[in-house]
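Please read the structure below before turning to the comments.
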Amino acid sequence: MASQDRVLEEYMAKASTHPFQFSILMLDVDWFKRINDIHGHAVGDEALRRFADRVNSHVRIGDLLARYGGEEFVLVMPHASHETALTLAQRLRADMCSRPLLEDPAITVTVSIGVADCLAAKRLQSCSTKRMQPCMKRKKDRNQVWINRMDRLAKA
């Protein structure tokens, strides 16, 4: 999706002259294909809208949530520390599985979330949605929060 890529490029350009901190969350609705297969695409579309609404109810003013594709979303959090992003990711994961997105039909989801921070301009070369992909490839470990630090991937 072009919007979050453009926003990331803008942050990287700003940080190359005035380093500042921001974090990225990549969110993947677990087993989303099952919703479409069982209930149809109209219900799946509504579930994605409700998912985005629920995420947006937790974010700060100035954070940007964008659909990345399919059931994946990217949340860019300007001036957010790694700890702030991790706390939000854990809160989102807990909220998603605590109550249904839809009542009729009853649709409850879990979410896997990758967290990365981009603190200094020299590190921004590897701060992108592509860097988040290892977090989201952990399909066997759904309903988890993963941290992508520069040199390792770890379960939060």
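Since every read-out is calculated from the coordinates, none of them should be taken as a lab result. Please read these numbers as outputs of a predicted model, since none were measured by experiment. In this analysis, Cβ positions are derived from the backbone assuming ideal geometry, glycine residues included, and neighbour counts consider all displayed protein chains.
Name the residue farthest towards the positive end of the dipole of region 18-76 from the options Asn56, Met26, Ala42, assuming +1 on Cβ of Lys and Arg, -1 on Cβ of Asp and Glu, about the Cα centre. So the residue furthest toward the plus end is Asn56.
When the dipole is taken about the Cα centre of region 28-99, and only Lys, Arg (+1) and Asp, Glu (-1) are charged at their Cβ, what size is it in debye, to the nearest 20?
Using Cβ point charges on Lys, Arg, Asp and Glu, region 28-99 gives about 180 debye.
For region 48-113, pairs of C-alpha atoms spaced more than 14 angstrom apart make up 59 percent of the total.
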